[in-house]
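Written out below as structure tokens is the structure these notes cover.
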Amino acid sequence: MPSRRFADGEVVMGRWPGSVLYYEVQVTSYDDVSHLYTVKYKDGTELALKESDIKSQSSFKQRKSQSSSSSPSRRSSSRSRSRSPGRPAKGRRRSSSQSREHKDDKKKIIQETSLILPVLALFKPSENNTKRYNGEPESTEKNATSCIILEQKLKPDLETERVLEHYSLRPRKEEKKKEEIYSEKKVFETIKTIERAQSKTKELEFGGRIGTFMLIFFLPATVFYLLLMCKQDDPSLLNFPPPLPTLESLWEARVFGVFLLWFFLQALFYLLPIGKVVEGLPLSSGRKLQYRINGLYAFVLTAAAIGTLLYFQFELQYLYDHFMQFAVSAAVFSVGLSIYLYIRSLKAPEEELAPSGNSGYLVYDFFIGHELNPRIGNFDLKYFCELRPGLIGWVVINLAMLLAEMKIHNQSMPSLSMILVNSFQLLYVVDALWNEEAVLTTMDITHDGFGFMLAFGDLVWVPFVYTLQAFYLVGHPTVISWPAAAAITILNCIGYYIFRSANSQKNNFRRNPADPKLAYLKFIPTATGKGLLITGWWGFVRHPNYLGDIIMALAWSLPCGFNHILPYFYVIYFICLLVHREARDEHHCKQKYGLAWERYCQRVPYRIFPYIY
């Protein structure tokens, strides 16, 4: 097996495909099977090159020094020749020789023209040709005229076109210009072909095609299982499977109508011309999309609408009584939305496809999301679903569970456990809407496409799994003491502080690394022009925001007590999700930053949990 010549992170000179030009590139990886180097150009373009197309910078510097050392003598000799006394004589001799060459060229052109005209006449015989072949000779002038007419009528293929261009009497500069244009087109087509091949998703997540196919069925089944278990008097995992409801009881047209009303009400709030408009991060094409930041306004308007319904004695407990039917309605809608998203993505331009969802496999791309930012006009479907219907719906459902607990158990006020769960999760949602602009720098927006994974996650998983603790407390009241409530509150505050301060450091540094307020932060520079923070929370562990998330998830579950493990499903799920995301982030950062990421990992050895993992 041949040994590689260039190391990862090494800066070399790489030949641009289809040309003889070399540019400065950085080696990012090497494939032992195909023996190809993946290199990154200064503009961010990544290509796979053979070793023969890569040269070290030292060889170019030597050539440059040699050419620069020899050029002065050439220039001085040329100047000395121009000042030579015998120059005019040579000039006359040269001009006379040039005139003879010019005459010879003209003779050659006339001869070539006289040769090509009969040849052109053979491509398409006319009546004149027939008469001549039948024994009726014509003059040379008529014959030439006939050939010229044939040449004008002829529609030659590519080879004939080259012959005509070769024997054309047009200026040579025009022919050279056409050849350059033709060459540039070929280079452009070659680059486009390479870019299309390299834009394909090569590394599949979630078990590839088989894994994503199973997840399409496993995720809805998990949601329905959790909700059915919470409805049981004894929600122990040993009581499996729970009694299944009839199919008729899972669907109600009125419930589906209420869900649609909620979805389009949030869409209306999203379209209101309130809030500032900001630009997202640059796409692969360099274009920046615009987003209207008005999630907090939508939350306030939703709160006003819910308050109005309660004032007119609307029973919000309706959500609790038909909770399973609402989950089924949301799942059906998310599947329909995913199908629409995949069909429309088939017509999307190559540069608008998601880097992670462009594998060419139908099931995988349907699950991950084929198009990165699907929009209907200015309405961004992914950005809307990320923060509006599911996230705000999470708070509304929690409120419905609180009112249901009071009504079912004849309480004048909700339990302390229910108050803690509602308060902690309300803080999390309001924080997300308050810092809505920070969502634009997350992997969900910049990297993942909008397919079944995000559609189902935003519209079903968030509002119906994240409310699991509140749903559990309605049927299984848990009494906790004030000291225990205080300890749980402190734990949640610690998790929230780590989560918010770590995300703020990252988002502010991404937006403006030169901000004087961030002067205390140290970082490792990378070849992409970005920096890796090695101070603050990001110098403590590699993913401090995930650490804060897990601590908060634990604080949300503790008010439910320890009688059953079901309320702690969210904590288990969250740990598994964040470990998967962390592994994906590690792989992505290693490919993107190369040696700089290895230096960062040596400087910050722990991933999520300090001194543990």
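Derivation of every value follows stated rules applied to the coordinates shown; laboratory data play no part. None of the values given here were measured: they were computed from a predicted structure. Note that each Cβ is placed from the backbone with ideal geometry, even for glycine, and that neighbours are counted across all protein chains shown.
The table for this structure:
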item	result
Unit Cα scatterers, Debye sum, the range 480-612: log10 I(q)/I(0) for q = 0.11, 0.12, 0.20 Å⁻¹	-0.47, -0.55, -1.17
Rg and Dmax [Cα atoms of the range 208-478; Å; Rg one decimal, Dmax integer]	19.4, 60
Long-range amide H partners of residue 28 with built H, under 5 Å	9, 38, 39, 40
Alpha-carbon centroids, the range 555-613 and the range 493-527: separation in whole Å	19 Å
Share of pairwise Cα separations in the range 246-355, more than 21 Å, in percent	59 percent
Mean-position separation - Cα centroids, the range 235-263 and the range 270-302, in angstrom	34 Å
Rounded to whole Å, sorted largest first: equivalent-ellipsoid semi-axes of the range 10-58, Cα gyration tensor	15, 12, 11
Phi-based couplings in Hz for the range 514-525 (Karplus 6.51, -1.76, 1.60; Gly and Pro marked x)	8, 4, x, 5, 9, 5, 6, 7, 9, 8, 9, x
Cβ-based charge dipole, the range 10-58, positive-most Cα from 11, 45, 21	21
Along each principal axis, Cα extent of the range 380-422, largest first, Å	44, 17, 9
Proximal charge balance of residue 607 [Cβ under 9 Å; K/R count +1, D/E count -1]	-1
Full-stretch length increase - residue 206, residue 603 - with 0.36 nm per residue and alpha-carbon distance subtracted	139.9 nm
Among the listed pairs 42/506; 202/590; 50/200; 55/288; 40/200; 200/522, those beyond 27 Å (Cα-Cα)	55/288; 200/522
Part-to-part distance (alpha-carbon centres) for the range 1-54 and the range 431-489, which is given in Å	44 Å
